[in-house]
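As structure tokens, the structure follows; a few thoughts come after it.
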Amino acid sequence: MGEFKANMTIQNVVASTSLEQELDLYAIEEALEGAEYNPKRFPGLVYRLKKPKTATLLFRSGKVVCTGAKSLSEVIIAVNQVKKDLEKADVFIQIEPKVEVQNIVASSDLGQEINLNTVAITLGLEKVEYEPEQFPGLVYRLDDPKVVVLLFGSGKMVCTGAKVPEDVVRAVNKIAEELRAARLML
């Protein structure tokens, strides 16, 4: 039996930063193509970039949330592009924004089908939630790393809550190990 090697694909990196100055969101919406600001619906301005394909939320306070990136480097590229684009609205950011990852969503695959009923019973109900009438996936909450994994009968998984990609790999390997130890996976 070979060692299980976690394959994972990052689907979304959500990160935040602060520009450390107040922003005039109406002026930014006027100046930037692709910017949408509707304060009745949402308090932030949504600014979409095509490359990297991201949506950046800008708030009056200067707080910024970037979503849709596939890596931390894409987040940094997007934030720097937004910083540069803000100059078109006469907003000049003097600082180098410190980007902090809030959440990584990644997918993985165990490479085989899994009987979720057996997994739920074997792994114990304190760790998992499985209500197939409500949702087809088993919700597995890990403490270390502190992530939530949705496990499907196909063996496919979605991991959320990670702060670094290594946490996803650790979570997938840990689950594979537990399933193997309980003889629920080859």
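The values are calculated or read from the model by the stated rules, or taken from the named source; none is laboratory data. Since the model is a prediction, treat every value here as computed from it, not as a measurement. No Cβ is skipped: glycine too gets one built from the backbone with ideal geometry, and neighbour counts run over all protein chains shown. To get the accessible areas, we keep the full protein, side chains included, count just its heavy atoms, and leave off ligands, DNA and RNA. Shrake-Rupley method; radii C 1.70, N 1.55, O 1.52, S 1.80 Å.
Residue-wise test of (1) open to solvent by 50 Å² or more (accessible area, probe 1.4 Å); (2) at pLDDT below 95; (3) closer than 30 Å to LEU184 by Cα; (4) hydroxyl-bearing (Ser, Thr, Tyr).
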{"site": "GLU36", "(1), (2), (3), (4)": "yes, no, no, no"}
{"site": "PRO43", "(1), (2), (3), (4)": "yes, no, no, no"}
{"site": "ARG60", "(1), (2), (3), (4)": "yes, no, no, no"}
{"site": "LYS70", "(1), (2), (3), (4)": "yes, no, no, no"}
{"site": "VAL99", "(1), (2), (3), (4)": "no, no, no, no"}
{"site": "VAL105", "(1), (2), (3), (4)": "no, no, yes, no"}
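Within region 151-174, restricting attention to residues that are in a helix (DSSP H, G or I) and without any contact (Cβ under 8 Å) to a residue 60 or more places away in the chain, the residue that is farthest from GLN102 (Cα to Cα) is LYS174. Would you mind stating whether GLU113 is out of contact with any Phe, Trp or Tyr (no Cβ under 7 Å at 6 or more places or on another chain), loosely packed, with under 15 Cβ neighbours inside 10 Å and more than 30 Å from LEU72 (Cα to Cα)? For GLU113, the condition - out of contact with any Phe, Trp or Tyr (no Cβ under 7 Å at 6 or more places or on another chain), loosely packed, with under 15 Cβ neighbours inside 10 Å and more than 30 Å from LEU72 (Cα to Cα) - is met. Filtering region 120-153 to residues that are over 19 Å from ALA181 (Cα atoms) and polar (S, T, N, Q) leaves only GLN134. Every listed requirement among (1) of a type in the set (D, E, K, R); (2) under 25 Å from LYS50 (Cα atoms); (3) in contact with a strand residue (DSSP E or B) (Cβ under 8 Å, 6 or more places away or on another chain) is met by LYS156 save one, (2). It is to be established whether one or more residues within region 125-148 are surrounded by 13 or more Cβ atoms within 10 Å (Cβ to Cβ), β-branched (Val, Ile, Thr) and in contact (Cβ under 8 Å) with a residue 40 or more places away in the chain. Scanning region 125-148, I find no residue that is surrounded by 13 or more Cβ atoms within 10 Å (Cβ to Cβ), β-branched (Val, Ile, Thr) and in contact (Cβ under 8 Å) with a residue 40 or more places away in the chain, so the answer is no.
The set of residues in region 74-97 that are within 19 Å of LYS50 (Cα to Cα) and surrounded by fewer than 16 Cβ atoms within 10 Å (Cβ to Cβ) comprises ASN80, LYS84, GLU87, LYS88.
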